[in-house]
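J.: Questions regarding the structure given below will be posed in turn.
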Amino acid sequence: MAEKGKVYTRTGDDGTTSLIGGVRVKKNHIRIEAYGTVDELNAQIGVLATYLSDEKDLTVIRRIQNDLFVLGGYLATDQSVMSLSQTLALNEEDVEFLEHIIDREEGVLPPWKGFILPGGTRAAAVAHVCRTVCRRTERCILALAETTEIDRVIIEYVNRLSDYFYVLARKLNFMAGVDEILWQKRCSFEK
């Protein structure tokens, strides 16, 4: 047993961990993969925040990070053993919040011209990393949904979240005056 105040407990040395509710599962269980990827996304968003200076963007990012903690707790709860706490629920308003932010940001952007390559400013590049980690998070949650009931709002939220990071990346480049790099078919390079 770990001493009081120690970070390590040694209880996971056998390759297992506890879900909320006390059930122990292997650390490579799809549920652990799902909420672990949520945690990874949240860490990437923390990196993104270090490149942002606009207070509106930072306020949105902080709300998203808090929402992801809620999502992680939701995924870490074995609802067959323990009732889900009301504090661990996302709702339609959370999805609508993201849709509102996406619509607001798209309102300042030039029309979409085609597929873009991730990059531009450092902030935009990191936003693209967040987008791709968010898509992986979505795939993990969908894999978990094959064996466990997952509230559809969770899936909607994560889907909108990746859209948000795409739009944010575009906005960050636009606001910095950096042109988006459009994808070109291979034949364009052979000339």
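J.: Could you go through the stretch 11-26 and let me know if any residue there is over 26 Å from the mean Cα position of the chain (by Cα), surrounded by fewer than 12 Cβ atoms within 10 Å (Cβ to Cβ), farther than 26 Å from Asp67 by Cα and at pLDDT below 80.
T.: Yes; the residues of the stretch 11-26 include at least one that is over 26 Å from the mean Cα position of the chain (by Cα), surrounded by fewer than 12 Cβ atoms within 10 Å (Cβ to Cβ), farther than 26 Å from Asp67 by Cα and at pLDDT below 80.
J.: Take Asn66 and tell me if it is modelled with pLDDT of 85 or more, farther than 16 Å from Val133 by Cβ and exposed (fewer than 13 other Cβ atoms within 10 Å of the Cβ).
T.: yes
J.: Could you pull out every one of the helices (runs of 4 or more DSSP H) wholly within the stretch 74-191 that has 2 or more residues that are modelled with pLDDT of 95 or more and hydroxyl-bearing (Ser, Thr, Tyr)?
T.: Fully inside the stretch 74-191 and qualifying: 122-145, 152-176.
J.: Then there's this: Confirm whether Lys113 is free of Cβ contacts under 8 Å to residues at least 24 places away in the same chain and either more than 15 Å from Leu68 (Cα to Cα) or surrounded by fewer than 16 Cβ atoms within 10 Å (Cβ to Cβ) (or both).
T.: Numbers: free of Cβ contacts under 8 Å to residues at least 24 places away in the same chain: no; either more than 15 Å from Leu68 (Cα to Cα) or surrounded by fewer than 16 Cβ atoms within 10 Å (Cβ to Cβ) (or both): yes.
Against the criterion (free of Cβ contacts under 8 Å to residues at least 24 places away in the same chain and either more than 15 Å from Leu68 (Cα to Cα) or surrounded by fewer than 16 Cβ atoms within 10 Å (Cβ to Cβ) (or both)), Lys113 does not qualify.
J.: Now for a different question. May I ask you to say which residue of Glu146, Glu92 is more than 16 Å from the chain's Cα centre (by Cα), touching a residue at least 12 places away in the same chain (Cβ under 8 Å) and farther than 27 Å from Thr50 by Cα?
T.: Going through Glu146, Glu92 in turn, the sole match is Glu92.
The values are calculated or read from the model by the stated rules, or taken from the named source; none is laboratory data. Since this is a predicted model, take the numbers as computed values, not measurements. Note that we place each Cβ from the backbone using ideal geometry, even for glycine, and neighbour counts take in every protein chain shown.
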